[in-house]
1. When only C-alpha pairs under 8 Å and at least 6 residues apart count, what is the relative contact order of chain B, in percent?
2. Mean separation of Cα pairs under 8 Å and 6+ residues apart, divided by the residue count of region B:3-161: what relative contact order is that in percent?
3. Tell me what the protein assembly as shown gives for mean residue ellipticity at 222 nm when only DSSP H runs of n ≥ 4 count, each as -39,500 (n - 2.57), the sum divided by the residue total, rounded to 500 deg cm²/dmol.
4. Which shape class, rounded, prolate or oblate, goes with region A:361-428 when its Cα gyration tensor gives a ≥ b ≥ c as root eigenvalues, a/c under 1.5 marks rounded, and past that a/b bigger than b/c marks prolate?
5. B:F109's amide H: which non-local residues (gap 5+, or another chain) put their own amide H closer than 5 Å, with H modeled 1.01 Å from N in plane and none for Pro or chain starts?
6. Cα-Cα over 26 Å: which of B:K399/B:K471; A:K59/A:K335; B:K273/B:K471; A:K60/B:K306; A:K384/B:K124; A:K233/A:K376?
7. Given the options A:P43, A:P356, A:P275, which has the most mean-square fluctuation in a GNM of chain A, springs set between C-alpha atoms less than 10 angstrom apart?
8. Once both axes come from the Cα atoms, what is the angle between helix A:316-352 and the longest principal axis of chain A, in degrees from 0 to 90, rounded to 10?
Amino acid sequence: MDFAPHTEEEIRAMLGALGLERLEDLYAHLDHELLNPKITLPPPMHEDAVLRHVEALAKKNQPGRVFLGGGVRDHFIPAIVDELASRGEFLTAYTPYQAEASQGILQAIFEYQTMIAELTGLDVANASLYDGASALAEGVLLALRATRRMRVAVDRRVHPEYRQVLRTYLDAVGATLVETEGDEVPDGAGAVVAQYPDFLGEVRDLAPRAEAAHAKGALFVVATDPLAVALLKPPGAFGADVAVGEGQPLGNPMQLGGPHFGFIAVRGKLLRQLPGRLAGLTTDHAGRRGFVLALSAREQHIRRAKAKSNITTNSQNMALRAAIALSALGPEGLKEMALATAANARRLYQLLLEAPGVRPLTRPPFFAEFALILSKNPEEVRRKLAERGFHGAYPIPEYGEHAALFAATERLTEDEIEAFARAFWEVV
Amino acid sequence: MSYCWPEGDFPLIFERAKEGRRGTRPPRVEADPEALFGPELLREAPPRLPEVSELEVVRHYTNLSRRQIGVNTTFYPLGSCTMKYNPRALEAAAARFSDLHPYQDPASFQGALALMYALGEYLKAITGMDAITLQPAAGAHGELTGMLVIRAYHKDRGELDQRRVVLVPDSAHGSNPATASMAGFEVREVPSDADGEVDLEALKRELGEHVAAIMLTNPNTLGLFERRILSLTEAAHAAGVQLYYDGANLNAIMGWVRPGDMGFDVVHLNLHKTFATPHGGGGPGAGPVGVKAHLAPYLPVPLVEKEGDRYRLDFDRPKSIGRVRSFFGNFGVLVRAYVYIRMLGLEGLKRAAALSVLNARYLKEKLKEKGFSVPFDGPTMHEFVAQPPAGLKALDLAKALLDKGFHPPTIYFPLIVKEALMIEPTETESKETLEAFAEALGEIAARGQEDPDWLAGAPYTTPVGRLDEVKANRKPVLTYPFD
């Protein structure tokens with residue numbers, strides 16, 4: 001099954017037109033010692049058989065009620081998101097280089113950019129990046145380009161995986177990274193980085209941090225949660241110059257961590273430093289409104305070695321899902337979802353703290369995630385919870401012995417939260 | 001092509017909104033925001049998201065999709081992009097794994113890990129590599145990962161300070177030099193020879209202890225297989241230079257020859273090209289990176305390992321370059337590629353590759369009959385680069401093709417061919433489609449030569465006519481102006 005439409009007769013005719021006899025002849029000019037290597041792959045499977053096989057693999061997983069966070073959470077996804085985003089016109093298109101035949105995706109990107117700018121409280125957003133972690137790395141590189149500095153101060157409460165990715169990207173260009181706590185900003189930093197709400201869920205006023213960063217000539221880069229900022233003050237309102245984040249909570253399934261999308265938004269003065277695609281408004285010869293990929297002179301296919309980033313394919317279909325979810329929920333729906341998430345998280349926190357020997361690491365106010373110090377190894381707690389049909393207690397040893405991360409979302413019912421708490425009390 | 005929208009601008013979702021209108025409602029929990037967060041931390045004004053009904057959202061995006069073409073609607077011979085059919089079985093399979101959280105106990109996603117491990121083994125076998133990471137989220141992300149691995153290797157050997165240069169052919173994808181820069185290297189271009197292959201003598205003159213790596217695509221962007229690849233990689237290795245294989249064009253050769261056997265040390269794959277996962281209008285992709293054994297210690301963490309019949313994530317890799325993405329990469333894309341490989345098997349993959357070459361070669365001959373020339377007309381493989389008859393512009397032809405119901409080829413690339421039309425039909429297109437496409441291009445060229453104004457005015461049947469890019473760039477409007 002190779003999905004090719006050719007009949008044997010057609011293959012013969014086409015080969016004949018080229019003066020060839022067999023398909024092998026198409027490779028006759030290649031080095032013969034390279035040709036036809038021994039490759040072991042399983043035999044081909046019928047569509048029905050392969051889907052049953054995949055079903056059997058999926059049954060070896062144990063999905064359950066999810067009380068985990070860290071950027072990815074189990075949020076409500078309106079049914080129309082799957083239906084609309086998987087339409088073949090969207091799903092099977094390439095990057096919209098040919099604008100006249102790509103108005104659907106280009107307009108959707110333009111609308112998405114507007115929504116991300118609104119959520120973050122900043123002026124302009126790009127069409128999407130890979131994920132929250134690489135978006136942070138791109139945001140920091142942007143800040144270093146703009147300040148022409150090579151030093152980055154990162155709060156220890158930024159997601160550990162985001163810091164790891166950032167370190168990988170910064171090592172490559174020879175920039176240094178220092179980890180910080182609190183509002184102090186080291187001299188010479190081009191970018192000051194914080195997460196809001198932070199990795200442990202806490203929500204703090206970051207205006208003093210923004211002021212401290214600006215006083216030292218640095219840009220303030222904030223990794224944020226696109227759902228939280230429907231309810232909480234957005235980064236633009238407390239002085240962030242760049243906001244980035246993981247978009248999964250908006251309309252995307254958890255899918256073991258991907259594909260999701262990263263977003264990035266900046267103040268207008270930083271526009272020309274943005275990496276990746278941008279959709280811009282224009283008109284055609286008849287004055288009709290239309291959209292094109294704008295400012296592509298920043299990008300790799302034009303600028304090559306001098307591009308702002310090497311990114312080309314990003315996460316357009318995931319960003320489209322977010323735009324559809326945001327349109328369906330609207331400002332009020334999104335705010336309700338954020339509030340329900342925060343309320344459920346607070347309820348869960350209170351119940352879990354009733355267990356003897358469990359201490360809080362996160363202090364209110366917090367949004368969806370919170371961390372606790374358990375009295376035993378969280379690996380074991382996580383495993384025993386999984387055996388009971390719940391996923392929670394992600395071990396975060398960097399933040400203390402027996403530290404574990406939890407989260408709630410609006411999807412959890414009162415009964416489910418209580419059932420999880422009972423299971424937690426049993427195993428902890 | 002038919003587009004269903006009456007005269008006038010297609011509304012933006014913000015223009016359909018009405019204050020107070022509600023769409024889909026989320027689960028609700030009664031709570032007081034001030035009690036949870038205090039007054040200071042709360043948002044003052046709500047984000048100006050559209051206020052529309054659920055039906056309006058459905059109509060908006062359904063009608064937007066009708067202003068868009070994809071492989072599902074249209075022949076899409078975009079060079080170097082491998083726009084083959086994306087089987088729906090792949091989508092059905094991916095949906096089976098949507099409810100897994102990346103931080104749940106790995107013992108509770110053994111099925112997913114088994115799939116990732118098996119996919120890694122298949123991709124290693126197909127590319128001839130010893131170790132693999134599935135973490136990179138797209139082709140260019142894989143390139144960055146691969147170049148950082150090479151960087152770490154040289155650093156470990158104490159040679160990074162001297163090896164500052166990365167060589168790329170002048171026919172390379174733009175992402176190659178951009179990646180080399182991002183990985184902290186200087187880029188130097190190597191010319192192509194008269195046949196369109198890398199100028200081997202020029203390349204050999206560039207080699208030395210100052211060179212870290214060579215980035216190559218094979219077949220290259222002219223569709224030509226680098227026939228002296230073994231001499232090339234041998235010369236590079238003798239100078240301590242690592243060989244990077246850009247997998248964008250693997251569709252031409254999968255199963256027939258392997259980058260690993262050609263002497264490449266690093267390979268990235270584009271699962272959203274070669275392995276039939278949909279491109280999504282600009283992603284998601286997946287860009288796994290395979291390496292030879294000497295580079296395995298530097299791959300990103302974590303790697304999926306098998307112990308007996310259990311699978312685990314290996315984070316304990318002290319020489320690793322670190323992470324390039326959160327979690328385990330674009331897992332949903334990996335599921336799709338896995339299913340594609342399982343459905344085709346080795347013989348299916350080889351047949352698909354050969355038919356992609358057959359289609360491209362056949363179309364090339366058809367276009368030559370229509371007066372198009374092929375500047376580097378060697379034994380091209382899955383794609384070729386044509387030039388229109390004298391006086392015609394690639395851009396104009398591309399726009400006119402839209403009126404004929406075809407997506408145009410890649411244009412103005414590679415840079416070494418003027419008015420380039422880079423055409424990759426893929427194996428999933430029929431002989432009739434190829435003939436109709438050649439016919440259409442021939443008609444456009446003939447009419448365009450007689451009536452240049454007509455050609456310069458195309459397209460005529462699309463939802464909008466040719467758009468003013470200068471205006472979009474001069475004073476960029478990138479968000480909806482609410483006021």
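1. 19
2. Relative contact order for region B:3-161 comes out at 17 percent.
3. Using -39500 (n - 2.57) per qualifying helix, the result is -11000 deg cm²/dmol.
4. oblate
5. It is A:Q62, by chain and number.
6. Where the Cα-Cα span goes over 26 Å, the pairs concerned are A:K59/A:K335; B:K273/B:K471; A:K384/B:K124; A:K233/A:K376.
7. Evaluated over chain A, the most mobile residue of the options is A:P43.
8. 30
FYI, it's all coordinate maths here, none of it is from the lab. Keep in mind the model is a prediction, meaning the values are calculated, not measured. With ideal geometry, Cβ positions are generated from the backbone for all residues, glycine too; neighbour counts draw on all protein chains shown.
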